[in-house]
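Colleague: The structure that follows is given in the form of structure tokens.
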Amino acid sequence: MTQHIFVIGLDEFNLQELRTVRNADEYEFHGLVGYDTLVLPDTYDMDAIMAEARAVLNAAPAVDAIIGHWDFPTTSMLPILRREYGLPTSSLESVLYCENKYWNRVAGRQALPECTPEFQGLDPFSDDPVGDLKMEYPFWLKPAVSFSSYLGFKIENESQYREAMATIRDNIQVFSEPFDNIMQYSCNPAALPDSGNGATCVAEALIGGHLCTLEGYVHRGETHVYAIIDSLRSSNNVSFFSYQYPSHLPEGIKERMCRNAATILEHIGLDNSPFNMEIFWDEAQDKLWLLEINPRISKSHCPIFEIATGTSHHEVAIDIALGKRPDFPRPEGHYPMAGKFMPRVFGDTRVTRVPSANEIEALYRRYPDLRLSIAVEEGMMLSELRAQDSYSYEIGDVFIGAENETALHEKFRHIMATLDFRFADVLPTNYGSLDDMPHFPPPEMPLQAHG
């Protein structure tokens, strides 16, 4: 019997990834609220968004599962809608602990103090933000609710702090207003911290080391980690360069990470949910630092798993939403190693050339595993791109597989040379030569932070 799976913010790219999962012929995938409404709109009208979602679900022949792979507000909509339609779900409160970076740090201080950096919640609308600050420079400043390093800044002095706070104050409402709207759905607000809200900022000490992401799920109270993916940085030690699977981290370090993941997730009460968790390993001090928790699969990793294991890990999200324990991953991929590369330009300029359809098709013929997404168009300024980090512009995504890391990086460099993006100004990139490309482990790993 066909099962009806509703996907919040469904787009064509992820629809194709969903169709790679086992038993996909038994599922009918339906979009739930449009991509443009959920991903990078100017504002989120949560009352209208929730009303639209309910109207679609009420008219459906059946609602067997509701899933989503985007950040807030998608992740917070899931427990609300699942609860209303009688589906397996995590609690909204446990998800909000993940969404709000300040609350996430509060939970970390309670459950994993040895893995939680010094931090402070701040009000960007305070009359005296400098007087409120107790942190010593340098530190990382970011809104409690955001994604993709949006409005995240490394702060080294008071002048930078004042400037960053002014920028955050002018833009934080994009996420703070919908977050505060979502709060009205909480059935147990007493379970949440008594300080901080959607308009809070968090300042935290710089942490660093080898960064990786744990992909896992919690099913009926048991935490399972099924993959660890290495995250490599560009030369500025902030902007991501690539995600690579499988991880090169030592087995003992991976085991410690998995134990810590179970501890913090049990503390916040996340259950019946996939998750991904970013953790630093500071090798010099043999210390683990928890960076953040997301109550969803990472969409950035879906093609990686398809290349390396034969199936997107959308399969995990579907199984959990249906109340089943996943059987993932399975060794059915085309390559033993796979990665997502994020070609970046470090500075604003005008795009003067993008690859033609024929050039892209030729690359697909040469590299059948290639998944390519281009974010820029000829004539646009890079500053027109949405949701970029504060230090670079990501011009696309490149997903590929290879026999090992060296071959993976060489393949990426050849693909970028063939695509031949051009710009009005000569600016640094992270794909110009093999010397520009970090490898694991990098020769140096100074302290760093992520938004």
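The values are calculated or read from the model by the stated rules, or taken from the named source; none is laboratory data. This structure is a prediction, so every number in the text was calculated from the model and none was measured. Virtual Cβ from ideal backbone geometry, glycine too; neighbours counted across all protein chains shown.
Colleague: What residue, of Val33, Val39, Val7, is of a type in the set (A, V, I, L, M, F, W, C) and at pLDDT below 95?
Modeller: On the way: Val33 fails: at pLDDT below 95; Val7 fails: at pLDDT below 95.
Only one candidate qualifies: Val39.
Colleague: Additional query: All but one of (1) of a type in the set (Asp, Glu); (2) closer than 27 Å to Pro326 by Cα; (3) in a helix (DSSP H, G or I) hold for Glu28; which doesn't?
Modeller: The single condition Glu28 does not satisfy is (3).
Colleague: Out of Gly339, Gly323, which single residue is of a type in the set (Gly, Ala, Ser) and under 21 Å from the mean Cα position of the chain (by Cα)?
Modeller: Details: Gly323 fails: under 21 Å from the mean Cα position of the chain (by Cα).
Every option except Gly339 fails the conditions.
Colleague: Got a number for residues in region 306-327 being farther than 26 Å from Gly269 by Cβ and surrounded by fewer than 21 Cβ atoms within 10 Å (Cβ to Cβ)? Lay out the reasoning, then the answer.
Modeller: Taking region 306-327 first, the residues farther than 26 Å from Gly269 by Cβ are 306-312.
Filter once more, keeping what is surrounded by fewer than 21 Cβ atoms within 10 Å (Cβ to Cβ): 310.
Qualifying residue count for the region: 1.
Colleague: Right, here's the next one. Let me confirm something: among Ala62, Ala53, which residue is touching a strand residue (DSSP E or B) at 6+ places or on another chain (Cβ under 8 Å) and part of a loop (DSSP other than H, G, I, E, B)?
Modeller: Ala62
Colleague: Go through region 253-277 and give me each residue that's under 16 Å from Cys212 (Cα atoms), touching a helix residue (DSSP H, G or I) at 6+ places or on another chain (Cβ under 9 Å) and assigned to a helix (DSSP H, G or I).
Modeller: Passing the criteria: only Asn260.
Colleague: Being touching a Lys or Arg at 6+ places or on another chain (Cβ under 8 Å) and either surrounded by 21 or more Cβ atoms within 10 Å (Cβ to Cβ) or farther than 27 Å from Glu118 by Cβ (or both) is the filter here, so list the residues in region 274-305 that pass it.
Modeller: Here is the first cut: in region 274-305, the residues touching a Lys or Arg at 6+ places or on another chain (Cβ under 8 Å) are 274-276, 281, 288, 292, 300-301, 303-304.
Selection gives Pro274, Phe275, Asn276, Trp281, Ser300, His301, Pro303, Ile304.
Colleague: Sticking with this one: Any residue that is among the aliphatic types (A, V, I, L, M) and under 17 Å from the mean Cα position of the chain (by Cα) - is there at least one of those in region 91-112? So that I can check it myself, show each step before the final result.
Modeller: First pass over region 91-112, keeping only residues among the aliphatic types (A, V, I, L, M): 92, 95-96, 106-107, 111-112.
Remaining after also requiring under 17 Å from the mean Cα position of the chain (by Cα): 95-96.
So far as region 91-112 goes, yes, one or more of its residues are among the aliphatic types (A, V, I, L, M) and under 17 Å from the mean Cα position of the chain (by Cα).
Colleague: Scanning region 134-149 for residues that are of a type outside the set (D, E, K, R) and over 17 Å from Lys101 (Cβ atoms), which turns out nearest to the chain's Cα centre (by Cα)?
Modeller: Of all residues in region 134-149, those of a type outside the set (D, E, K, R) come to 135, 137-141, 143-149.
In the following step, the residues that additionally are over 17 Å from Lys101 (Cβ atoms) were identified as 137-138.
Numbers: Tyr137: 27, Pro138: 25 Å.
Restricting to residues being of a type outside the set (D, E, K, R) and over 17 Å from Lys101 (Cβ atoms), the top hit is Pro138.
Colleague: When you go through (1) closer than 26 Å to Pro331 by Cα; (2) buried (at least 16 other Cβ atoms within 10 Å of the Cβ); (3) over 25 Å from the mean Cα position of the chain (by Cα) one by one for His4, which number turns out not to apply?
Modeller: The failed condition is (1).
Colleague: Within region 377-392, can one find any residue that is closer than 30 Å to Asn23 by Cα, among the polar types (S, T, N, Q) and modelled with pLDDT under 95? First the steps, then the outcome.
Modeller: In the first step, residues of region 377-392 are kept if they are closer than 30 Å to Asn23 by Cα; the result is none.
No, region 377-392 contains no residue that is closer than 30 Å to Asn23 by Cα, among the polar types (S, T, N, Q) and modelled with pLDDT under 95.
Colleague: While we're here: Please find, among Met416, Met445, the residue that is at pLDDT 95 or above, under 28 Å from Pro246 (Cβ atoms) and either part of a loop (DSSP other than H, G, I, E, B) or out of contact with any strand residue (DSSP E or B) (no Cβ under 7 Å at 6 or more places or on another chain) (or both). Walk me through it before giving the result.
Modeller: Values: Met445 fails: at pLDDT 95 or above.
So the residue among Met416, Met445 that is at pLDDT 95 or above, under 28 Å from Pro246 (Cβ atoms) and either part of a loop (DSSP other than H, G, I, E, B) or out of contact with any strand residue (DSSP E or B) (no Cβ under 7 Å at 6 or more places or on another chain) (or both) is Met416.
Colleague: Let me ask another. Out of all the residues in region 40-67, which are of a type outside the set (D, E, K, R), within 29 Å of Phe328 (Cα to Cα) and surrounded by 15 or more Cβ atoms within 10 Å (Cβ to Cβ)? Walk me through how you get there before you give the answer.
Modeller: Our first condition is that a residue be of a type outside the set (D, E, K, R); within region 40-67, this holds for 40-41, 43-44, 46, 48-51, 53, 55-63, 65-67.
Now restrict to residues that are within 29 Å of Phe328 (Cα to Cα): 57, 62-63, 65-67.
Leu57, Val63, Ala65, Ile66, Ile67 - these are the residues of region 40-67 that are of a type outside the set (D, E, K, R), within 29 Å of Phe328 (Cα to Cα) and surrounded by 15 or more Cβ atoms within 10 Å (Cβ to Cβ).
Colleague: For the subset of region 204-226 comprising residues that are hydrophobic (A, V, I, L, M, F, W, C) and surrounded by fewer than 22 Cβ atoms within 10 Å (Cβ to Cβ), which member is farthest from His248 (Cα to Cα)?
Modeller: Start the filter on region 204-226 by keeping residues that are hydrophobic (A, V, I, L, M, F, W, C), which leaves 205-207, 211-212, 214, 218, 225.
Remaining after also requiring surrounded by fewer than 22 Cβ atoms within 10 Å (Cβ to Cβ): 205-206, 225.
Numbers: Ala205: 26, Leu206: 23, Val225: 16 Å.
Checked region 204-226; the qualifying residue farthest from His248 (Cα to Cα) is Ala205.
Colleague: A follow-up question, please. Have a look at Ser356, Ser392 and point out the one that is farther than 22 Å from Asp36 by Cα and crowded, with 21+ Cβ neighbours inside 10 Å. So that I can check it myself, show each step before the final result.
Modeller: Values: Ser356 fails: crowded, with 21+ Cβ neighbours inside 10 Å.
Matching residue, one of Ser356, Ser392: Ser392.
Colleague: Does Asn14 satisfy the condition of being at pLDDT below 95, surrounded by 17 or more Cβ atoms within 10 Å (Cβ to Cβ), farther than 30 Å from Asn188 by Cβ and out of contact with any helix residue (DSSP H, G or I) (no Cβ under 6 Å at 6 or more places or on another chain)?
Modeller: Details: at pLDDT below 95: yes; surrounded by 17 or more Cβ atoms within 10 Å (Cβ to Cβ): yes; farther than 30 Å from Asn188 by Cβ: yes; out of contact with any helix residue (DSSP H, G or I) (no Cβ under 6 Å at 6 or more places or on another chain): yes.
The answer is yes for Asn14.
Colleague: Could you list, in sequence order, all residues of region 375-385 that are surrounded by fewer than 16 Cβ atoms within 10 Å (Cβ to Cβ), in contact (Cβ under 8 Å) with a residue 24 or more places away in the chain and on the phi < 0 side of the Ramachandran plot?
Modeller: Within region 375-385, Glu377, Glu378, Met380, Met381, Ser383 meet the criteria.
Colleague: Now a separate question. Working only within region 156-194, note down all residues that are within 24 Å of Tyr137 (Cα to Cα), touching a helix residue (DSSP H, G or I) at 6+ places or on another chain (Cβ under 8 Å) and either touching a residue at least 40 places away in the same chain (Cβ under 8 Å) or among the aliphatic types (A, V, I, L, M) (or both).
Modeller: So the first thing to find is which residues in region 156-194 are within 24 Å of Tyr137 (Cα to Cα), and the list is 156-172.
Checking which are touching a helix residue (DSSP H, G or I) at 6+ places or on another chain (Cβ under 8 Å) leaves us with 158, 161-162, 165.
The answer is Met165, and nothing else.
Colleague: Would you check which residues across region 226-250 are assigned to a loop (DSSP other than H, G, I, E, B) and in contact with a Ser or Thr (Cβ under 6 Å, 6 or more places away or on another chain) and list them?
Modeller: Matches in region 226-250: Ser239 only.
Colleague: Taking the residues in region 306-320 that are in a loop (DSSP other than H, G, I, E, B) and within 19 Å of the chain's Cα centre (by Cα) as candidates, determine which candidate is farthest from Pro274 (Cα to Cα). Walk me through how you get there before you give the answer.
Modeller: Of region 306-320, the ones in a loop (DSSP other than H, G, I, E, B) are 310-313.
Filter once more, keeping what is within 19 Å of the chain's Cα centre (by Cα): 312-313.
On the way: Ser312: 14, His313: 10 Å.
Only one residue fits best here, namely Ser312.
Colleague: Quick check on my filter: what residues within region 105-148 are among the polar types (S, T, N, Q) and either closer than 11 Å to Val202 by Cβ or crowded, with 21+ Cβ neighbours inside 10 Å (or both)?
Modeller: Residues of region 105-148 that are among the polar types (S, T, N, Q), as a first pass: 110, 116, 120, 126, 146, 148.
Selection gives Thr116, Gln120, Ser146.
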